[in-house]
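Working notes, beginning with the structure itself.
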Amino acid sequence: MKILIAEDNQLLQNLNRELMNLWGYDFDLASNGLEAVEHAQKNEGKYDLCLMDIDMPVMNGLKATKIIRRKIKYFPIMALSGSTEYREKCLIIGMDEFVEKPCFPDMLYDKINELTVKTFKLESKDDDIFLTKETPMDQQHAKELRELAKEGLIKMNIRGIGSHDMEVVTHKNVPYKISQDFIGNDDEITIFLDRSKDKPAECHLYKSSSPMPNIYLEEEVYEEKRSKEDETLKNCTEIAKKKKEA
């Protein structure tokens, strides 16, 4: 996790520094909006979130956000201010959330995790499987992912499987199951549910670049399989590591 913090108050800078170190997050500190813009431009595509103060010298947080939204690839921005009158303005110009100061650490931690949703990308290449996370494409995409996260779901882009890329909605632990099946167990196939509301299906994903067959399910069958998968995935929470050859 890499966070950009725009805050001019020295005491709050020190507090944020302590919290980021405690939580194990990488971060950059900006003392005004102009520095925040410069950091965002220099490190485009590397930030998972920006914590943006509003009242800052040189350039305030509102103007900085307008520039970032106009010039830089999307990443979430959370406004932090003691003045609730800014709330509507912040959301109108493209911020993702407004939090009133002072903000308790537990609440800040929860908000950071709520806003930094990602899509999983699964790519097959030369019989190897690569799992990575990607920042949402835009604010609407991020909102969609956050709504799915509330239900314990994610979106996963599957690339290099057959002639077409695919996007599925799955249980949040399915990527870990795939890694355990393919990497930990060296299986040739893994099976999971696509939980898309319009067309729920059972997916059969092969380690090779074969097409991924989907078996569309009737509601009753889907619910039965969903319940079983929920139970199976409870403890599946880590990416498997490649076994060392003897």
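Nothing in this text is a laboratory measurement; each read-out follows from the coordinates by a stated rule. Predicted model, so just to flag it, every value in this text is computed and none were measured. All Cβ positions, glycine included, derive from the backbone under ideal geometry; neighbour counts span all protein chains shown.
Going by average Cβ density within 10 Å per residue, which order do the peptides 71-77, 85-91 take, highest to lowest?
Ranked by mean Cβ neighbours within 10 Å, highest first: 71-77, 85-91.
Under 1.5 on a/c is rounded, so check that first for region 119-232, then, if it is not, pick prolate when a/b is larger than b/c and oblate when it is not; a ≥ b ≥ c are the square roots of the alpha carbon gyration tensor eigenvalues.
Oblate is the answer for region 119-232, as a/c is 1.5 or above yet b/c matches or exceeds a/b.
Count the DSSP beta bridges whose two residues both fall in the chain, then state the antiparallel fraction as a percent rounded to the nearest 5.
The antiparallel fraction comes to roughly 50 percent.
Alpha carbons only, please: Rg and Dmax for region 2-115, in angstrom.
12.5, 33
Taking the Cα centre of the chain as origin, sum charge times position over the Cβ atoms of Lys and Arg (+1) and Asp and Glu (-1), and report the length of that vector in debye to the nearest 20.
Computed about the Cα centre, the dipole is about 640 debye.
Which listed residue (Ile5, Asn157, Ile191) has the Cα farthest towards the positive end of the charge dipole for the chain, taking +1 on Lys and Arg C-beta and -1 on Asp and Glu C-beta about the Cα centre?
So the residue furthest toward the plus end is Ile5.
Taking every alpha carbon pair in the chain, what does the distance histogram look like in 5 angstrom bins from 0, in percent?
With 5 Å bins starting at 0, P(r) equals 1, 6, 12, 15, 15, 13, 10, 9, 9, 6, 3, 1, 0.
Explain nothing, just the number: dipole magnitude of region 105-246 about its Cα centre with +1 on each Lys and Arg Cβ and -1 on each Asp and Glu Cβ, in debye rounded to the nearest 20.
500 debye
Of all alpha-carbon pairs in region 50-107, indicate the percentage at a distance above 18 angstrom.
27 percent
Using alpha carbons only, how many angstrom separate the centre of region 23-74 from the centre of region 187-208?
Measuring centre to centre over Cα atoms gives 39 Å.
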